[in-house]
1. For the chain, report the accessible area per residue in Å² (1.4 Å probe, heavy atoms, rounded to an integer).
2. Please give the contour-minus-distance gain from W158 to Q23: 0.36 nm per residue of separation, less the Cα-Cα distance, rounded to one decimal in nm.
3. Quickly estimate the mean residue ellipticity at 222 nm for the chain, helices only: each DSSP H run with n ≥ 4 gives -39500 (n - 2.57), and the total goes over all residues, rounded to 500.
4. Given 0.36 nm per residue, what is the gain on full extension from R188 to H102 after removing their alpha carbon distance, in nm?
5. Test of understanding: given the chain, find the longest segment containing no GluC sites (Glu not before Pro) that are in a DSSP loop and have at most 14 other Cβ atoms within 10 Å.
6. Step through the table entries K88/K259; K274/K302; K88/K302; K88/K195, compare each Cα-Cα distance with 27 Å, and write down the pairs that go over it.
7. At 0.36 nm per residue, minus the direct Cα-Cα distance, what do F283 and D148 gain on full extension? Give it in nm, one decimal, please.
8. So which trypsin sites (Lys or Arg not before Pro) in the range 164-242 pass both tests, a DSSP loop state and at most 14 other Cβ atoms within 10 Å of the Cβ?
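The values are calculated or read from the model by the stated rules, or taken from the named source; none is laboratory data. Just so it is clear, the model here is predicted, and its values are computed rather than measured. Cβ atoms come from the backbone with ideal geometry, glycine included; neighbour counts cover every protein chain shown. When the accessible area is computed, the model is the full protein with side chains, heavy atoms only, and any ligands, DNA or RNA have been set aside. Shrake-Rupley method; radii C 1.70, N 1.55, O 1.52, S 1.80 Å.
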Amino acid sequence: MLAIQAIKESYPSFKMNSQGFVQLPEGAVVAFQEYGVPNGVPVMFCHGWPSSCTMARLTDEPARDLGIRIISLDRPGISGSSLQPDRKLSDWPRVVERIVEHLGVREFRILAISGGAPYAYATAVAMPQRVQAIAIVGGAPPMAELVDGEGLLPLYRWMLALYRTRPRLLRRLFHLVRPVLSLRPPVRFRPLLLKMLMLRQCDAESLRDAAAFEAIFESQRRAWRSSAEGVMADAQIYVQPWGFAIEDVRVPVRLWHGKEDRAFSIHLAEQVAKRVPNCKARFVDDAGHYSLPIRHMREILKDLICNAEGHWPDET
């Protein structure tokens, strides 16, 4: 418990009634943040990459309206959670199990954004009796199965190639960019930052909203401020085999993907949707990687909790 107390003292600005820490049997600490309503329908939130648990701020207002309890975890090595050396994707469900038992949650749903997708799939495969349904929003595909990285954001293709050929150089680059990516840019520089990112118009427009901008970019800064090694360890999960076939995911899956998504093309999402046995896909016009969860979060959450025994509401 001393490790937990030390972390609490390191984060005095957070409201302790919405943030928690759980110590795992081996002594590692997992940090989590809750949003929505305390006694609502439990939904585990899997943040993207590079990101952290506060990305779930995007869910807070609609979750309150819909009576949903959002439980968002920092993955190992990210922000408040201890680094777990040589971890694999298959280690994640045990972390989730420890958290939900600590919170007294028996059954739950999962919402995963972008890089959170593999973690949602892994949990569903390992805990099908407890995971009622999952929603994947702009989700990462099994990258280890991609031969040339076609359909990925150019930056992701470059990192994938570098990881396969010069992993030490990639790690060094992560350490070099950490001081810059940990900084909080002044508000007046936000328009310039959005322009430099060369985003789709729908994404840039969505990120002009101050609350959405903070939810996305503050969660990224929290990840980088913690350590470059944690961000790197999280990245390595994506380029390694998942340890299971995506066809093994048997729980109901709702796959949401923007037709303008540059991070993971709609063609990759279509391939995943065809492979998941119990999947309903929704491909959204004029939506990109960022604008989809920002603009459609209420719809996504409502759809997720309306699921019962694999029956989904009619398409609109």
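1. Dividing the accessible area of the chain by its residue count gives 47 Å².
2. The span from W158 to Q23 would gain 44.9 nm if fully extended.
3. On the way: 12 runs with 134 residues, N = 316.
Calculated at 222 nm, the ellipticity per residue is -13000 deg cm²/dmol.
4. Here the segment from R188 to H102 would lengthen by 26.7 nm.
5. Longest gap between qualifying sites, sites excluded: 151-308.
6. Working: K88/K259 31 Å; K274/K302 24 Å; K88/K302 32 Å; K88/K195 36 Å.
Where the Cα-Cα span goes over 27 Å, the pairs concerned are K88/K259; K88/K302; K88/K195.
7. So the extension gain works out to 46.2 nm.
8. Details: sites: R164, R168, R171, R172, R188, K195, R200, R208, R221, R222, R225; in loops: R200, R208.
Within the range 164-242, the qualifying trypsin sites (Lys or Arg not before Pro) (loop, at most 14 other Cβ atoms within 10 Å) are R208.
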